[in-house]
Each structure stands twice: as C-alpha cells, then as structure tokens.
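Engineer: Pasting a structure here, questions to come.
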Amino acid sequence: MDWRAWHAKYDVPGSELSRRLAAVQEQVRAALDRAPAGPVPVVSLCAGQGRDLLEVIEDHPRGADVHARLVELDPELAATARERAPDQVDVITGDASLTDQYDGMVPAELVLLCGIFGNVSDADIKRTVQAMPQFCRTGGTVIWTRHREDPDLVPTICDWFEARGFERVWLSDRDAGFGVGVHRFTGVAEPLVTGQSLFSFVPGGA
C-alpha cells in the first residue's frame, strides 16, 4: 500500500476520505469542547499527517491546552505532521501498535484510532478495543473509523467498546460511505501494560 498516495485522497473534494476527515474533525472539536479545564492529553495511533487533530487545534479555543503524541510509522507522513505540529505536539516515527509508545501520555482525554480498523484483523480490532481502558481517563473520548462494507463490523465494534465501559456518543450513518464512531469512557482507567503489540496491518486494507 502506498500510504502517501492514499493520503492524497484527503484533498479530493467530495471524496470518501475528505468527507470522513471532516466528520472526524467535527468530533475532535466536540471532544475538545467537553474536555475539563486544564491540560488536554491526546494520543493518535497511526496518525499519518496528523490532520485529524492538527487542523482542529490551529483555531480551536482549547488548542493551546492540547498536549499530544502522534505516532506514525511512515517517515514521510510523520515528517509532514512534524512540520505543522505546534511545540506541545510530539510526533514519533515508529510502530503505533506498541503500547510503549504511549507511556507517560495515557490515560488521555482523547484517543484517535483512525485508519486502523479497516487494515487489521477482527481479532486485532477487538484486542485494541479491549486495551482502551489503559488509554482513556474517565470521561475521555475515543474516535475510531472503519468502513461499512459487508460484512459490516461496526455494530460489533460498538458492542466491544460498550462491554469495556464505554458509552456511544455518535456514529455516522450506514449510508455515509464511511464509518466514524465516538465512544466516551465511563469506567476507571487501568494501568498501561507496556511491551505489548495491539495490531498488525494486513495486505489489502482500506
């Protein structure tokens, strides 16, 4: 997969990815709106160019409160994110599946899992969801994406989140052409288990 060519589709007006990006950014804004006063820790797994978050905090009233860690394996995509990231956003070039990457940054107020669930096995999706109480503080938000092609796994992913103490905040319509989900953590954060790998990308994902 040429991930740089894939990311270029974000700039095609009306494309599925451009519309998904807009939906994700709208939910990032909403999550920042409801964040409590004080620093807002954010982590983004497989962050790409960081557009989900970086384009929002440029003008959001809580943008200066955001302290984030973006993890992206592709060095060119990570470099693009790093060029536009403010000082309080750290961009790591590395394997986003490794829990060690987030030590010291979790539990976070906002966790971004965008562009992952369509590229990994169902078992890895479930493993990642089950780990989210280690990533989210109480009241924190997870924003995730997954295509709605048959077999549509989105309802099952929602069930997995809800079984781990998350409540559904928002879910895009089935006919939107993409899937974006938002879940808020109502439980108590768990200690981060380091030395773990949550997922591996599989060929032919989207």
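The values are calculated or read from the model by the stated rules, or taken from the named source; none is laboratory data. For clarity, every value in this text was computed on a predicted model and none was experimentally measured. When we count neighbours, we look across all protein chains shown, and the Cβ atoms used for this are built from the backbone with ideal geometry, even at glycine. Please note that ligands, DNA and RNA were not included when accessible areas were found on the heavy atoms of the full protein model with its side chains. Shrake-Rupley method; radii C 1.70, N 1.55, O 1.52, S 1.80 Å.
Let's see how each residue does on (1) of a type in the set (D, E); (2) open to solvent by 10 Å² or more (accessible area, probe 1.4 Å); (3) under 17 Å from the mean Cα position of the chain (by Cα):
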{"position": "D95", "(1), (2), (3)": "yes, yes, yes"}
{"position": "L98", "(1), (2), (3)": "no, yes, yes"}
{"position": "M105", "(1), (2), (3)": "no, yes, yes"}
{"position": "A108", "(1), (2), (3)": "no, no, yes"}
{"position": "F117", "(1), (2), (3)": "no, no, yes"}
{"position": "Q134", "(1), (2), (3)": "no, yes, yes"}
{"position": "I143", "(1), (2), (3)": "no, no, yes"}
{"position": "R146", "(1), (2), (3)": "no, yes, yes"}
{"position": "L153", "(1), (2), (3)": "no, yes, no"}
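Engineer: Quick test of your reading of the structure: S44 fulfils all but one of (1) open to solvent by 20 Å² or more (accessible area, probe 1.4 Å); (2) closer than 18 Å to F199 by Cβ; (3) part of a strand (DSSP E or B). Name the failing condition by number.
Structural biologist: Single failed check for S44: (1).
Engineer: Any residue in the stretch 161-190 that's outside any strand (DSSP E or B): show its pairings with residues that are at pLDDT 95 or above and acidic (D, E) at Cβ separation under 6 Å, as long as the two are six or more apart or on different chains.
Structural biologist: Listed by first residue and then by second, the contacts come to T186/E167.
Engineer: Okay, next question. Go over the candidates R84, R127, R62, R69 one by one and state the one that is of a type in the set (K, R), under 25 Å from S172 (Cα atoms) and in contact with a helix residue (DSSP H, G or I) (Cβ under 8 Å, 6 or more places away or on another chain).
Structural biologist: Matching residue, one of R84, R127, R62, R69: R62.
Engineer: Name the pairs whose Cβ atoms lie under 8 Å apart, with the first residue in the stretch 54-69 and in contact (Cβ under 8 Å) with a residue 12 or more places away in the chain and closer than 17 Å to E83 by Cα, the second of a type in the set (V, I, T) and open to solvent by 40 Å² or more (accessible area, probe 1.4 Å), and 6 or more positions between them or separate chains?
Structural biologist: R69/I92
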